[in-house]
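Laboratory data are not the source of any read-out in this text; all were calculated from the coordinates shown. This is a predicted model, so every value here is computed, not measured. Neighbour counts are summed over all protein chains in view; Cβ atoms, including those assigned to glycine, are modelled from backbone coordinates with ideal geometry.
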Amino acid sequence: MKYKLMLSLLLLWGGFIGCKNDEHSYTYKRDIAKKLIENKEETILIKYRIKNLKTKKISKWNKTYSLPDLKDKNWNYIFSSLNYLLDSPIENLSYEDVDPLMGRFGYRIHPVTLIPRNFHTGIDIYKKDKDTVKAVLEGNLEIKKDNLSGKWIKIIHPVYTLDSFVLESRYLHLKKIIKKEGKVKKGEKIGLVGGTGIMEGYIPHLHYELVLRKNKRIILLDPLLIYFNKTEKNITSKIKDKISPHAELIEIIEKTEKKNLKFLPTYLEFWKEKGKKDYKFKILVERIKEIID
Ligand SMILES: [Zn+2]
C-alpha cells in the first residue's frame, strides 16, 4: 500500500519537475522527498531504481565512472532527497566557497600539476576560519590513507535504493582524523581540514565527494548541485583542449572576470614556491598579475 502511494506520488511529481535552463538549476521538491523519507524505519529509503536513470560515462586514470545525465528529469528526485537529507561537511558552506577556476566538480586544470582537463570528482572547499569536518549523514565510517588523497574518510550511508545502490561521502586531504571507525552520527565531528596526499604543501582545503555506488559501478554526484540547486559550467570546461596547459590557462585568465579570481593570488604563491620557472609560466604569472591588479 505504502509503495502504491509512493509510486503515485512519483508519477504525479514526474509531471511537473524540470530543468529550468541550460545551467541545470532545479526546483527541488523537498516536501515530497520529506514525505517519502519520513516513512523510514531502521533505514532511510530512496524508492527509486538508479539503473533506470540516464547517465554518461567518463574516465580518469583508467577507471570509468558514471555521471547523472541532467537531461533526465528523474534525477531531480534523487537530488531533492539528498538536498533534504544531507548536512554540509563544513559549517556555513556557501556556493562561493568553491572556486570556479579549480575547485568545482567536472573538468578543470589541476591546481598542483597544472594538467588541463583533469576531471575533478568532487568539490574543493576553502574556508580559512573553519577547519572542522562533519559527517553529512549518519553511517559507517572507514579511515583511509594513500599517496593521492592523503588521510581520508569514507562514510557509507544507510540510504538504500530499490536496486541497492548506496550513498558514500568522502572527505580527502585531512590533517587529522578525530573519529574512530564504525558508526557515526549526522553532524558529528570527524576530522580537521588539511593538505595531505598529492596536495601536500598546497592550500589546506577539504575535497568533498558524493557518490552512489553499487559494487564497482560509481556514479559521481556534483555536491554543488545537491546543496545549492545549481551548477554552472567550470570555467575550464568552456575552453577546448590546447597543446599547452599554460596557453590554456592564459586563455582562461583572459576570459575570467575579476570577481571570480579571489583564489588566484594563493595559487600564484603556491606555484611560485614550487619553482615553476619556465618562460610560459612566467608569461602566465605576468598575465594574471595584470588582471588582478
Ligand atoms: Zn579536490
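Computed quantities for the displayed model
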{"read-out": "Simple label model, 7 Å out from Cα along Cβ direction - Leu162 to Leu148, nm", "value": "3.4 nm"}
{"read-out": "Label-point gap, in nm, between His110 and Arg213 - each point 7 angstrom along Cα→Cβ", "value": "2.1 nm"}
{"read-out": "Violating pairs (Cα-Cα greater than 28 angstrom) within the set Lys185/Lys214; Lys60/Lys186; Lys54/Lys186; Lys56/Lys176; Lys56/Lys230", "value": "Lys60/Lys186; Lys54/Lys186; Lys56/Lys176"}
{"read-out": "Inter-label distance for Lys57 and Asn140, nm, one decimal - labels placed 7 Å from Cα along Cα-to-Cβ", "value": "3.0 nm"}
{"read-out": "Potential lengthening between Lys175 and Lys73 on full extension [0.36 nm per residue; Cα-Cα distance subtracted]", "value": "32.8 nm"}
{"read-out": "Cα-only radius of gyration and Dmax that characterise the range 138-200, units Å", "value": "12.5, 40"}
{"read-out": "Extension gain, Asn92 back to Asp131 (0.36 nm per residue minus Cα-Cα distance, nm)", "value": "12.9 nm"}
